[in-house]
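The values are calculated or read from the model by the stated rules, or taken from the named source; none is laboratory data. What you see is a predicted model, and the numbers here were worked out from it, not measured in a lab. For neighbour counting, all protein chains shown are included, and Cβ atoms are generated from backbone atoms with ideal geometry for every residue, glycine included.
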Amino acid sequence: MSNAIYWFTNDLRLSDNPALIQAIKDERSLGYVFCIDPTWFFPNRFNCIAMGKHRYSFLLESLIDLDSQLSAYGQYLNIYCEPPGKLFQRLYNQNGVRRVYHADNSDFDQATFFQSLSNYADDIEVITGQPNYLFQETQLPFTVTELPQSFSKFRRLIEKQATPVDAPISTPTQFPSSFLPHRNWRRTVRQPDIGSGPSFEGGERCAQEHLRNYFTSDRPQTYKETRNSLDEWTHSTKLSPSLAMGCISPRQVVSALKKHEHQFSANQSTYWILFELLWREYFSLYARRWGSRLFAFSGINNQKPLTSFYGERFQQWCQGTTPYPIVNACMKQLNATGYMSNRGRQLVASCFVHELGLDWRYGAAYFEQQLIDYDVASNWGNWQYLAGVGADPRGCRQFNLQKQTETYDPDGEFISAWGGQTYHTQIDSVDAADWPVMPQEH
């Protein structure tokens, strides 16, 4: 007995999924699997968890939608809540699984896991399909190991070559039947503490609807002018959670963008949407290029920053009670919704590293826990960038928080809406000799 499974990861969709399509073409019978790893919910070395309530709720909504779509083809998704290594061992021994299909991605831990499967037994075959990227590796004007060390160089090479983005692939019309026993996983799966929020809803069908609604409107025409808004829902694409979970592909976004430009017009704002997708592409390749160094304190150049860890400062930042109102408002928004604007992320990260002098990895780990649109490459790559240990050729970038407040919240509406004006005036409650410093409420 020799069976095959397709192991979904961050590619929770049926359309434009080359790895899944390859499995469908190759196999007459196919099991459809997703693993919820219990370690996601236990504190790591940074005292954060890998999967917070907002993203977990979005994940479950996406899995329910994927299962529902498969059921329309007479198939089903099996979801298991156990360590992936233990799950595979059981599928190997009890269900005769000998071939594992999956989509390649930038997650170092996932890549390590799938590589380990090949060593489990001599009769295991791991088939790694095309990742959730804009370009295939063969389309790039360099190898991954030759990836430019700055985004600007990467972008210029891509644009100089005029590298085309392939058209997305349609959903298959037929799916091989599953050999795995059907599990009633909705009764046994860990339930989320809350919903993913009124603004975001997980799943491929919701993502496709949002994609259509956004690009058939005139909002992309002003994206560049509005994208730095701290709190306005319509001022950015809001596609990031669906891209991170793989409910839509970046190629599908580019396809919708091109249709929009044909219907309306191409301008600096529509180009800037592609520009942001190129940033995402760069960090995906960056994560693959550098592997475990994505998480190293000294970054990719082995240069340790002059920061440390102060538990009290870290908690102030997490809870939004620092001496910096704009930072507090952003952090309270993140904690309540699982989302923060790109501008807000830059401000709170700059404060974390510079004003608070904290080890950037703790900030990255807290973002991993809280963000509904967490993407391992973009998150850790951006934190390295801000901390001066990554892809920024200019080194550390510090934002003037007062100037940023005057620019992006001149009337204080955002700070007031999220309670950022309530804070402690001191960063520390003890001085260098550990004598207590009484905080003053403001």
inquiry  = Quick test for you: out of LEU66, LEU12, LEU60, pick the one residue that is assigned to a loop (DSSP other than H, G, I, E, B) and either under 30 Å from VAL165 (Cβ atoms) or under 20 Å from the mean Cα position of the chain (by Cα) (or both).
reply    = LEU12
query = Based on what the data block shows, is GLN346 farther than 21 Å from ASP109 by Cβ, polar (S, T, N, Q), surrounded by 20 or more Cβ atoms within 10 Å (Cβ to Cβ) and not assigned by TED's automatic domain parsing to the domain that holds THR234?
reply = no
message = I'd like the residue in the range 131-170 that is modelled with pLDDT of 95 or more, in a helix (DSSP H, G or I) and of a type in the set (Val, Ile, Thr) and, out of all such residues, is nearest to THR9 (Cα to Cα).
response = VAL144
query = part of a strand (DSSP E or B), surrounded by fewer than 18 Cβ atoms within 10 Å (Cβ to Cβ) and either at pLDDT 95 or above or of a type in the set (Val, Ile, Thr) (or both): does that describe THR128?
reply = yes
note = Cβ pairs under 6 Å, 6+ apart or interchain, first in the range 300-321 and surrounded by 17 or more Cβ atoms within 10 Å (Cβ to Cβ), second of a type in the set (Asp, Glu), ordered by first then second residue, are THR307/ASP359
inquiry  = Restricting to the range 6-37, name every residue that is farther than 26 Å from SER199 by Cβ and without any contact (Cβ under 8 Å) to a residue 60 or more places away in the chain.
reply    = LYS25, CYS35, ASP37
key: Positions within the range 69-114 being of a type outside the set (Phe, Trp, Tyr), farther than 28 Å from GLY338 by Cα, part of a loop (DSSP other than H, G, I, E, B) and touching a residue at least 24 places away in the same chain (Cβ under 8 Å), in sequence order   = GLY74, GLN75, GLY96
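Here's the yes/no breakdown for (1) within 30 Å of VAL100 (Cα to Cα); (2) in contact with a helix residue (DSSP H, G or I) (Cβ under 6 Å, 6 or more places away or on another chain); (3) assigned by TED's automatic domain parsing to the domain that holds SER57:
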position: LEU157; (1), (2), (3): no, no, no
position: LYS160; (1), (2), (3): no, no, no
position: THR173; (1), (2), (3): yes, no, no
position: THR188; (1), (2), (3): yes, no, no
position: ASP193; (1), (2), (3): no, yes, no
position: GLU225; (1), (2), (3): no, no, no
inquiry  = Among (1) closer than 23 Å to CYS247 by Cβ; (2) without any contact (Cβ under 8 Å) to a residue 40 or more places away in the chain; (3) surrounded by fewer than 21 Cβ atoms within 10 Å (Cβ to Cβ), there is one condition PHE275 misses while meeting the rest; what is its number?
reply    = (2)
query = Counting only residues that are in a helix (DSSP H, G or I) and of a type in the set (S, T, N, Q), which one in the range 291-336 is farthest from LEU230 (Cα to Cα)?
reply = SER292
key: Top-ranked residue of the range 171-203 - restricted to ones that are among the hydrophobic types (A, V, I, L, M, F, W, C), modelled with pLDDT under 90 and more than 21 Å from the chain's Cα centre (by Cα), ranked as surrounded by the fewest Cβ atoms within 10 Å (Cβ to Cβ)   = VAL189
request  = Go through ARG280, ARG288, ARG251 for me and flag whichever is charged (D, E, K, R), farther than 22 Å from ILE169 by Cα and in a helix (DSSP H, G or I).
outcome  = ARG288
